[in-house]
Amino acid sequence: MFKVFVYGTLKPGEINYQRFCAGKVVEEKRAIAQGHLFALPFGYPAMTPGDGRVQGYVLTFADPEVLDALDRLEDYHRERPPEQNEYNRQLIETFNLSDEPLETAWVYLMSPHLVRSYGGIFLPSGWWSNCGDSA
């Protein structure tokens, strides 16, 4: 079993959930992680390290091949230098909506430099959606 904190197109109801997660998720929980969230002009968001709150879900998977598929989606290759990846995968602590510790989960983070070069727009709410819902 492994866990991934998702905050963008992999969230339930978003475009990539059906393709990459539906039928493969063992458990999903609303969650918060520390960082900053940005809307990118490509129709998906980016999370960077930071002291803010990013809202999303912790998805639990049983099949390790799902992580390989997510790495490809996020243009993450562990053999490449971090600056050559669009996102880099790392383990972070997550929290429930009452700020109580949940669990450690993988997350895909983008460097602040790359977010700036893409023209990312800071989302102070920490919530992104492409389907019009709100937290």
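Remark: the chain carries a charge dipole of roughly 220 debye about the Cα centre, counting +1 on each Lys and Arg Cβ and -1 on each Asp and Glu Cβ.
For the stretch 30-87, the relative contact order works out to 27 percent when only alpha carbon pairs closer than 8 Å and six or more residues apart are counted.
Here's the picture: a label point sits 7 Å out from the Cα of E79 along the beta-carbon direction, and within the stretch 88-122 the residues with their amide nitrogen under 19 Å of it are 88-89. Rg and Dmax of the stretch 37-111, both derived from C-alpha coordinates alone, stand at 13.1, 37 Å.
Of the trypsin sites (Lys or Arg not before Pro) found in the stretch 25-125, those that fall in a DSSP loop while having at most 15 other beta-carbon atoms within 10 Å are R78. Summing charges over neighbours of L70, with a neighbour being any other residue whose Cβ is under 14 Å away from its Cβ, gives -1 when K and R count +1 and D and E count -1. In summary, the stretch 12-52 shows an alpha-carbon radius of gyration equal to 1.40 times the 2.2 N^0.38 Å reference for compact globular proteins. From the alpha carbon centroid of the stretch 1-41 to that of the stretch 45-88 is 10 Å. Looking at the chain, the accessible area is 53 square angstrom per residue; that uses a 1.4 Å probe and ignores ligands, DNA and RNA. The alpha-carbon atoms of the chain, seen along their principal axes, cover 36, 36, 27 angstrom, with the largest extent given first.
Using a cutoff of 8 angstrom between alpha carbon atoms and counting only pairs six or more residues apart, the relative contact order for the stretch 1-113 works out to 31 percent. Surface composition of the chain: carbon plus sulfur atoms contribute 51% of the solvent-accessible area (1.4 Å probe, protein chains only, all chains present). Counting Lys and Arg as +1 and Asp and Glu as -1 over every other residue whose Cβ lies under 15 Å from the Cβ of R19, the net charge comes to -3. Note on the chain: helix-only mean residue ellipticity at 222 nm, from DSSP H runs of 4+ residues weighted -39500 (n - 2.57) and normalised by residue number, equals -4000 deg cm²/dmol.
Largest first, the three principal axis extents of the alpha carbons in the stretch 1-79 are 31, 28, 25 Å in whole numbers.
The values are calculated or read from the model by the stated rules, or taken from the named source; none is laboratory data. Small disclaimer: the values here were computed from a predicted structure and weren't measured. Reconstructed Cβ throughout: ideal geometry from the backbone, glycine too, with neighbour counts over all protein chains shown. Heads up: the accessible areas ignore ligands, DNA and RNA and are worked out on the full protein's heavy atoms, side chains in. Shrake-Rupley method; radii C 1.70, N 1.55, O 1.52, S 1.80 Å.
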